[in-house]
Amino acid sequence: MQVQAVQGDIAQFQADAIIVNLFEGVTSPGGGTGAVDKALGGLVSQEIQANPKAFKGKLGETLILPTYGKIPARYVIIVGLGKSDEMKAFQLRRASAAAIRACQKLKIKTAGTLLHGASIGGYDVSAAARLLTEGALMGNYRFTKRKGAKTGEENGESASTAKDEFETLAIVEHGGDKLAAIKENITLARVIAESTNLARDWVNDSPNYVTPTFLKEQAEQIPGLTCKVLDFAQIKQLGMGAFSLVAQGSEQPPYLIHLTYKPDGKAKKKIALVGKGITFDSGGLSLKPAASMELMKMDMAGAAAVIATMKAIAELKNLPLEVHGFVPTCENMPSGCSSKPGDVVTAMNGKTIEVNNTDAEGRLILCDAITYAQKEVNPDEMLDLATLTGACVVALGKAAAGIMGTNDELIDQVRKAGDSAGEKLWPLPLYDEYKPFLKSDVADIINSGAKGEAGSSAGGMFLKEFVDKNRAWAHLDIAGPAWITADVPEVPKGGSGFGVRTLLYYLYNLA
Ligand code: BES
Ligand code: MN
Ligand code: ZN
């Protein structure tokens with residue numbers, strides 16, 4: 001899907017549909033919507049006044065009206081912006097995504113749109129164009145890759161294949177002077193949204209396709225980054241006993257992927273991102289019940305977010321920070337050579353770990369990746385993203401990720417970035433009271449000692465054992481929001497790409 005910026009009068013714009021908007025409770029439209037209403041001889045206002053129940057302007061609500069030749073576009077799509085007081089960024093993304101969904105339903109290919117929020121909403125055109133584009137591209141996302149040659153409908157399903165994809169959205173502006181700023185923001189938003197959609201693709205795709213080798217190949221293909229990959233022999237040779245233990249149960253070879261972005265000039269800061277890349281989590285010998293295993297292809301969502309973020313940074317080119325992406329990736333499988341509850345291993349930092357539960361595998365691969373990241377690049381800040389604990393889903397649901405770490409300022413800034421990115425992060429504690437969770441009778445620490453208490457914090461406490469003193473570190477437990485079951489217009493069901501936008505907003509705020 002293309003997004004363009006053009007100068008002109010939206011009412012006379014040549015496209016299959018034009019998209020206008022209304023705030024909640026407004027029945028006589030002003031601004032751009034008012035102008036379109038006039039060109040249509042009052043069609044819009046008459047319709048919403050005649051049947052106020054059909055359209056209230058609630059956020060994401062849409063009403064489609066045929067124009068019967070009064071203007072060049074066949075349809076006018078009215079999208080609700082929600083409440084006008086204190087309009088938030090997510091409202092503009094959602095409205096735009098909802099409008100694109102309406103276009104998909106109509107099976108049309110082109111539309112012209114007002115810049116939602118820019119006139120009556122009071123947003124500056126740059127921000128409005130960015131939010132509109134992010135919402136449109138994220139809302140247009142569908143995962144159809146594995147549908148086969150036939151269309152979804154022929155298969156008796158509602159999803160459709162590329163042949164009826166929506167093609168072009170044009171932001172139609174009266175004043176030509178704003179076009180440059182709009183275009184610049186379309187480009188930025190396109191990179192943000194497309195990298196989110198790329199992460200979604202990887203999370204949605206099946207675990208027989210998305211293997212550690214697949215992730216490694218995706219990382220290697222990104223232009224503008226250097227990619228160093230450690231194979232199993234090197235992982236073992238570096239003393240990554242914890243990562244190796246998880247990897248050894250699978251036929252699929254594991255990798256530690258290290259992507260690097262360096263700016264042209266001097267870097268203001270050095271950041272390390274670490275993403276959990278379990279491409280399938282069966283639980284290992286501590287096998288998951290079937291119902292909990294079903295979705296465990298999504299256990300590489302942290303890895304997807306890190307790789308997709310690195311790709312976005314490489315495309316945008318202008319970030320004055322040195323950014324490293326580390327992804328430990330393997331499967332967690334039961335087999336004749338998999339780890340056994342009771343195994344004790346030595347991690348790369350020399351700590352011994354008793355593995356009492358092979359299903360707490362995320363912390364085992366991350367702890368060695370964290371040690372390696374700190375040794376390799378000595379980052380000013382380190383953030384890890386992981387679908388680490390079911391407990392985080394219990395605590396926060398799908399609405400928010402848990403965030404914890406060693407530096408309150410870092411956590412605050414990441415949460416702020418999440419707010420502007422439309423992703424919620426809620427703080428969880430790493431209290432000293434949780435230290436007993438790590439106590440092992442035979443080794444330095446145990447991987448699953450919490451037994452039903454504060455499970456997400458327990459995961460964080462474990463990882464903290466591997467973080468150098470004074471290192472600014474934040475751990476994002478994305479187990480809930482990485483996979484969405486009740487969709488909203490900008491986040492369709494399935495892999496959400498959670499984390500990509502927060503990381504990008506965070507890094508660009510830092511710069
Ligand atoms: N990948 C899971 C966590 C998960 C659960 C992610 C549900 C997304 C949705 C993780 O590896 C895991 O199995 N965690 C265990 C930890 C426990 C054994 C300490 C869990 O949450 O049960
Ligand atoms: Mn697990
Ligand atoms: Zn897992």
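The values are calculated or read from the model by the stated rules, or taken from the named source; none is laboratory data. All values reported here derive from a predicted model rather than from experimental measurement. Cβ atoms come from the backbone with ideal geometry, glycine included; neighbour counts cover every protein chain shown. With ligands, DNA and RNA removed, areas are computed over all heavy atoms of the protein, side chains included. Shrake-Rupley method; radii C 1.70, N 1.55, O 1.52, S 1.80 Å.
Hey, can you tell me all the residues within the range 117-134 that are open to solvent by less than 10 Å² (accessible area, probe 1.4 Å) and either in the same structural domain as residue 490 (by TED's automatic domain parsing) or modelled with pLDDT of 95 or more (or both)?
128, 129, 131, 132, 133, 134
Go through the range 339-442 and tell me which helices (runs of 4 or more DSSP H), entirely inside it, have 3 or more residues that are away from ligand 1 (no atom under 12 Å from the Cβ), among the aliphatic types (A, V, I, L, M) and touching a strand residue (DSSP E or B) at 6+ places or on another chain (Cβ under 7 Å).
In the range 339-442, 362-377, 408-421 are the helices (runs of 4 or more DSSP H) which contain 3 or more residues that are away from ligand 1 (no atom under 12 Å from the Cβ), among the aliphatic types (A, V, I, L, M) and touching a strand residue (DSSP E or B) at 6+ places or on another chain (Cβ under 7 Å).
Looking at (1) buried (at least 20 other Cβ atoms within 10 Å of the Cβ); (2) closer than 15 Å to residue 337 by Cα; (3) not polar (S, T, N, Q), which is the only condition residue 283 fails?
Looking at each condition in turn, residue 283 falls short on (1).
Under 7 Å between Cβ atoms, which residue pairs at least 6 apart in sequence (or on different chains) link something in the range 394-405 that is open to solvent by less than 40 Å² (accessible area, probe 1.4 Å) with a partner that is β-branched (Val, Ile, Thr)?
401/478; 403/411; 403/414; 405/411
What is the residue count in the range 443-459 for residues that are buried (at least 20 other Cβ atoms within 10 Å of the Cβ) and more than 12 Å from ligand 1 (Cβ to nearest atom)?
Within the range 443-459, residues that are buried (at least 20 other Cβ atoms within 10 Å of the Cβ) and more than 12 Å from ligand 1 (Cβ to nearest atom) number 1.
I need the full set of residues from the range 340-359 which are in contact with a Gly (Cβ under 6 Å, 6 or more places away or on another chain) and within 16 Å of ligand 2 (Cβ to nearest atom), in order please.
Within the range 340-359, 358, 359 qualify.
Among the candidates 365, 370, which residue alone is open to solvent by less than 40 Å² (accessible area, probe 1.4 Å), more than 16 Å from ligand 2 (Cβ to nearest atom), touching a helix residue (DSSP H, G or I) at 6+ places or on another chain (Cβ under 7 Å) and of a type in the set (Val, Ile, Thr)?
After applying the criteria, what remains is 370.
Looking at (1) farther than 26 Å from residue 164 by Cβ; (2) open to solvent by less than 10 Å² (accessible area, probe 1.4 Å), which one does residue 76 not meet, given that it meets all the others?
Single failed check for residue 76: (1).
Please go through the range 255-308 and give me each residue that is of a type in the set (D, E, K, R), within 16 Å of ligand 1 (Cβ to nearest atom) and under 24 Å from residue 414 (Cβ atoms), ordered by number.
276, 299 - these are the residues of the range 255-308 that are of a type in the set (D, E, K, R), within 16 Å of ligand 1 (Cβ to nearest atom) and under 24 Å from residue 414 (Cβ atoms).
Could you tell me whether residue 297 is open to solvent by 20 Å² or more (accessible area, probe 1.4 Å) and within 22 Å of the chain's Cα centre (by Cα)?
Yes.
On the given criteria, is residue 301 closer than 21 Å to residue 481 by Cα and modelled with pLDDT of 95 or more?
Considered against the rule, which asks whether it is closer than 21 Å to residue 481 by Cα and modelled with pLDDT of 95 or more, residue 301 comes out as yes.
Sort through 345, 323 and tell me the only one that's over 30 Å from residue 269 (Cα atoms), crowded, with 19+ Cβ neighbours inside 10 Å and either of a type in the set (D, E, K, R) or more than 14 Å from ligand 3 (Cβ to nearest atom) (or both).
345
Please determine whether any residue of the range 332-341 is in contact with a His (Cβ under 6 Å, 6 or more places away or on another chain), in the same structural domain as residue 235 (by TED's automatic domain parsing), buried (at least 24 other Cβ atoms within 10 Å of the Cβ) and more than 30 Å from residue 488 (Cβ to Cβ).
no
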